[in-house]
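Chemist: Have a look at the structure that comes next, please.
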């Protein structure tokens, strides 16, 4: 579909200015530098009761200025006015649907299944793409035909605040992500090659707080991936993203996710030797999270499990021993 411009879209709400309200992105040239047509790119937005942010998300996609974009919105049956916003823009959306589903992962899978693009991505209904994101990533893919996933940096902001803090991605390896449980791949900055998505299969909707983590790890275990410096999106924090129930969800899902990951057929045999170290890191991750949730005794239990599985954790680069002492001191105070 042709890329809409500011004059094509409905006027912004009062007092909303800047990107993507009163400023658009520069139009992408009609063809690629070599004269070939731009490959199709498919973007999906999963949404549920995010009317406060949804319109900004939609406009940030539609105003990318990319000449070969298809855009899908799958709403989980919102009751907060989100449907009115979607209808407002449906003339420029490839397909939209609202109805009860199995959550975010299910909505994204529906978009991926309907899409026909050479490249796919999703942007949640409370996040925002920056101008030129699609053109930049597609161009990078043309230069890196061996990569199945590319990602960059994002900014973070609290709710509707204007102050933004960088959340940097960085180059990494699968081994490092397994050993440390750190995944320096902001989902909002990601784009996948369709062939890789077809290879690794859909997201698993059963994961609640670890949905992105599982899919990113599965991707990185099955294809080459690359980092492109530069902020390309906004990740928004609000009460729903840091709810205590969400925090406690990590305590259950993190150990389960990594335990199951090592049993998958796609998991490389050469990395199975990292199982004990990874599971130890998973329990330490839970120990730190339990402290944030006020679950001091659970933190102690997770720490003991971590050391029992992999005692060498105490001699790692991160000062785990100091963290353990602080945790006991806080518990006994």
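Chemist: With (1) in a helix (DSSP H, G or I); (2) more than 22 Å from residue 125 (Cβ to Cβ) as the list, and residue 184 as the residue in question, which single condition is left unmet?
Modeler: (1)
Chemist: Tell me, yes or no, whether the stretch 88-103 has at least one residue that is surrounded by fewer than 16 Cβ atoms within 10 Å (Cβ to Cβ), over 12 Å from residue 125 (Cα atoms) and under 19 Å from the mean Cα position of the chain (by Cα).
Modeler: yes
Chemist: Which strands (runs of 3 or more DSSP E) sit wholly inside the stretch 111-171 and have at least 1 residues that are assigned by TED's automatic domain parsing to the domain that holds residue 222 and either within 22 Å of residue 203 (Cα to Cα) or over 18 Å from the mean Cα position of the chain (by Cα) (or both)? So that I can check it myself, show each step before the final result.
Modeler: On the way: elements: 119-122, 147-158, 165-167.
Because the criterion is at least 1 residues that are assigned by TED's automatic domain parsing to the domain that holds residue 222 and either within 22 Å of residue 203 (Cα to Cα) or over 18 Å from the mean Cα position of the chain (by Cα) (or both), the strands (runs of 3 or more DSSP E) in the stretch 111-171 that meet it are 119-122, 147-158.
Chemist: Kindly indicate whether residue 24 is in contact with a strand residue (DSSP E or B) (Cβ under 9 Å, 6 or more places away or on another chain) and over 21 Å from residue 116 (Cα atoms). I'd like the intermediate steps shown before the answer.
Modeler: On the way: in contact with a strand residue (DSSP E or B) (Cβ under 9 Å, 6 or more places away or on another chain): no; over 21 Å from residue 116 (Cα atoms): yes.
Taking the combined requirement at face value, the residue does not satisfy it.
Chemist: Please go through the stretch 70-96 and give me each residue that is without any contact (Cβ under 8 Å) to a residue 60 or more places away in the chain and part of a helix (DSSP H, G or I), ordered by number.
Modeler: 82, 83, 84, 85, 86, 87, 90, 91
Chemist: To continue, here is another question. Is there a residue being at pLDDT below 95 and assigned to a strand (DSSP E or B) anywhere in the stretch 287-309?
Modeler: No, there is no match, as no residue in the stretch 287-309 is at pLDDT below 95 and assigned to a strand (DSSP E or B).
Chemist: Scanning the stretch 208-239 for residues that are part of a loop (DSSP other than H, G, I, E, B) and modelled with pLDDT under 95, which turns out farthest from residue 163 (Cα to Cα)? Walk me through how you get there before you give the answer.
Modeler: Filtering the stretch 208-239 for residues part of a loop (DSSP other than H, G, I, E, B) gives 208-210, 223, 238.
Add one more test, that the residue is modelled with pLDDT under 95, and what stays is 208-209, 238.
On the way: 208: 29, 209: 26, 238: 14 Å.
It comes out as 208.
Chemist: Ok, one more. Kindly indicate whether residue 273 is in a helix (DSSP H, G or I), buried (at least 17 other Cβ atoms within 10 Å of the Cβ), outside the structural domain of residue 183 (by TED's automatic domain parsing) and without any contact (Cβ under 8 Å) to a residue 60 or more places away in the chain.
Modeler: Judged against the criteria, residue 273 is not a match.
The values are calculated or read from the model by the stated rules, or taken from the named source; none is laboratory data. Not measured: the values here are computed from a predicted model. So basically every Cβ, Gly included, is an ideal-geometry build from the backbone, and we count neighbours across all protein chains shown.
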